[in-house]
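Colleague: Handing you this structure, nothing more for now.
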Ligand SMILES: [Zn+2]
């Protein structure tokens, strides 16, 4: 059993680690976000250690940097942002090589390309030589242990706390990452103060989703996923993340549904009520054809991963006594009857 005291202690150590400014690259932020995501995607609530293969870490780590190898434009100046105070971070040059060699834009296509297996080794060694080694002090391995570069093992405290406090840890890491880039003298030519850096670095959730409207309209017979109102005449129908983007910021096919703008606005960052959850689990999230079609438009599709995310999100919400959104101005507590759906 991981006590409340040791959870607080874990968070305090994470906070101290963020305050340590001796890091010259953005790697530590990327590594923490990666491990948090993988604790959600591969982990469980059993309060045990969790071993993660190094290839999974390298792939998820690269997925974070992939949008950032693009040139950033602030109107006047254009360039690839420097992720390190010295020479450019090695992960950027590796990914730029991959991009040049394949000409691919989408990360999901890159990982399916034969070049990826070859590049993974050098990405693993970059991560193992650098952030894995420096993130925590060697004599205080409170997040993970590792003996070689095949895998690492999250401590049971880290496994639990990264899942439980993911929103806080990821936002904290993103803020640190942005500050690091802004204070790097080499980036000051490229960045300007009012630029929308966050959506460039970590993906704007909305813009790329609009292209899914016709396809989802078809699959949902022109109706809002939540209130069933006819939205086929409404050119403003929204693509909604069933498990809110704020809780899990990655566009997975299974997690996307089409809604009327008022349901989308009203649901906002909440989890949906049990009737919606059942409807989603038996339709949208499990319709293989639908999710393949979305995948072919360049989105990830991963049924197993998506199930784990949904289970994680609702279990977390139940522990926190959160309410679910039923419809406009109607909410209900997330309780045991939600959780048995995941058994
Ligand atoms: Zn609606």
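A short reminder: the numbers here are calculations on the coordinates, not readings from a lab. Fair warning: this is a prediction, and the values are worked out from it, not measured in the lab. Here the Cβ is made from the backbone with ideal geometry for all residues, glycine too, and neighbour counts use every protein chain on show.
Colleague: Can you give the FRET efficiency to the nearest 0.05 for residue 20 and residue 156, using r as the Cβ-Cβ distance and R₀ = 25 Å?
Modeller: Values: r = 24 Å, r/R0 = 0.96.
Here the calculated transfer efficiency is 0.55.
Colleague: Now for a separate question. Relative to the present Cα-Cα distance, how much length would full extension add between residue 340 and residue 268 at 0.36 nm per residue of separation?
Modeller: Values: separation 72, 0.36 × 72 = 25.92 nm, distance 2.47 nm.
Contour length minus the Cα-Cα distance gives 23.5 nm.
Colleague: Then there is this: Which values, in whole Å and largest first, are the semi-axes of the equivalent ellipsoid of the range 1-78 obtained as the square root of 5 times each eigenvalue of the Cα gyration tensor? Please list the in-between numbers first.
Modeller: On the way: eigenvalues 181, 68, 19 Å².
Working from the Cα gyration tensor, I get semi-axes of 30, 18, 10 Å.
Colleague: Just need the relative contact order of the range 127-176 here, percent rounded to a whole number, with Cα pairs under 8 Å and 6+ apart.
Modeller: 21 percent
Colleague: So, one more: If you average 1/r over every pair of different alpha-carbon atoms in the range 4-194 and take one over that average, what Kirkwood value in Å do you get?
Modeller: Details: mean 1/r = 0.0573 Å⁻¹.
This gives a value of 17.4 Å.
Colleague: Please arrange 227, 263 by how many other C-beta atoms lie within 10 Å of their C-beta, fewest to most. All intermediate terms of the calculation are to be shown ahead of the outcome.
Modeller: Numbers: 227 15, 263 24.
Final ranking by Cβ density, sparse to dense: 227, 263.
Colleague: Using a Förster distance of 56 angstrom, determine the FRET efficiency expected from the C-beta separation of residue 78 and residue 138, and round it to 0.05. Walk me through the numbers on the way to the answer.
Modeller: Numbers: r = 41 Å, r/R0 = 0.73.
Result of the calculation: an efficiency of 0.85.
Colleague: Between residue 3 and residue 329, what length comes free when the chain is fully extended (0.36 nm per residue of separation minus the Cα-Cα distance, one decimal in nm)?
Modeller: Working: separation 326, 0.36 × 326 = 117.36 nm, distance 3.63 nm.
Value of the extension gain: 113.7 nm.
Colleague: Given all pairs of different Cα atoms, what value in angstroms does the Kirkwood hydrodynamic radius of the chain take?
Modeller: Roughly 21.4 Å, rounded to one decimal.
Colleague: How much length is gained on full extension from residue 85 to residue 292, taking 0.36 nm per residue of separation minus their Cα-Cα distance?
Modeller: Working: separation 207, 0.36 × 207 = 74.52 nm, distance 4.16 nm.
Computed gain between residue 85 and residue 292 is 70.4 nm.
Colleague: Please arrange 297, 31 by how many other C-beta atoms lie within 10 Å of their C-beta, fewest to most.
Modeller: Numbers: 297 13, 31 23.
Fewest-to-most ranking of 297, 31: 297, 31.
Colleague: Same structure, new question: Let me have the 222 nm mean residue ellipticity of the chain computed from DSSP H runs of 4+ only, each contributing -39500 (n - 2.57), with the sum over all residues rounded to the nearest 500. Could you put the intermediate results ahead of the total?
Modeller: Working: 16 runs with 167 residues, N = 343.
Rounded to the nearest 500, it is -14500 deg cm²/dmol.
Colleague: Hey, what angle do you get for helix 27-42 against the long axis of the chain, alpha-carbon based, 0 to 90 degrees rounded to 10?
Modeller: With both axes taken from Cα atoms, the answer is about 40 degrees.
Colleague: Determine, for 60, 229, 308, the number of other Cβ atoms within 10 Å of each Cβ, and report the residues in order from fewest to most. Display every interim value, and only then the final one.
Modeller: On the way: 60 21, 229 13, 308 17.
Ordered by Cβ neighbours within 10 Å, fewest first: 229, 308, 60.
Colleague: Pairs of Cα atoms under 8 Å, at least six residues apart: use those to get the relative contact order of the chain, whole percent. If you can, show how the numbers build up before the last one.
Modeller: On the way: 433 pairs, mean separation 62.4, N = 343.
Relative contact order here is 18 percent.
Colleague: Rounded to the nearest 10 degrees, what's the angle between the helix 114-129 long axis and the longest principal axis of the chain, both from Cα atoms, 0 to 90?
Modeller: Relative to the chain, helix 114-129 is tipped by roughly 60 degrees.
Colleague: Let me ask something additional. Between the range 65-130 and the range 289-336, what is the C-alpha centre distance in whole Å?
Modeller: A separation of 31 Å, based on Cα centres.
Colleague: Another question, if that's okay. Quick one: give the max-minus-min coordinate of the C-alpha atoms of the range 207-342 along each principal axis, largest first, in Å.
Modeller: 37, 32, 24
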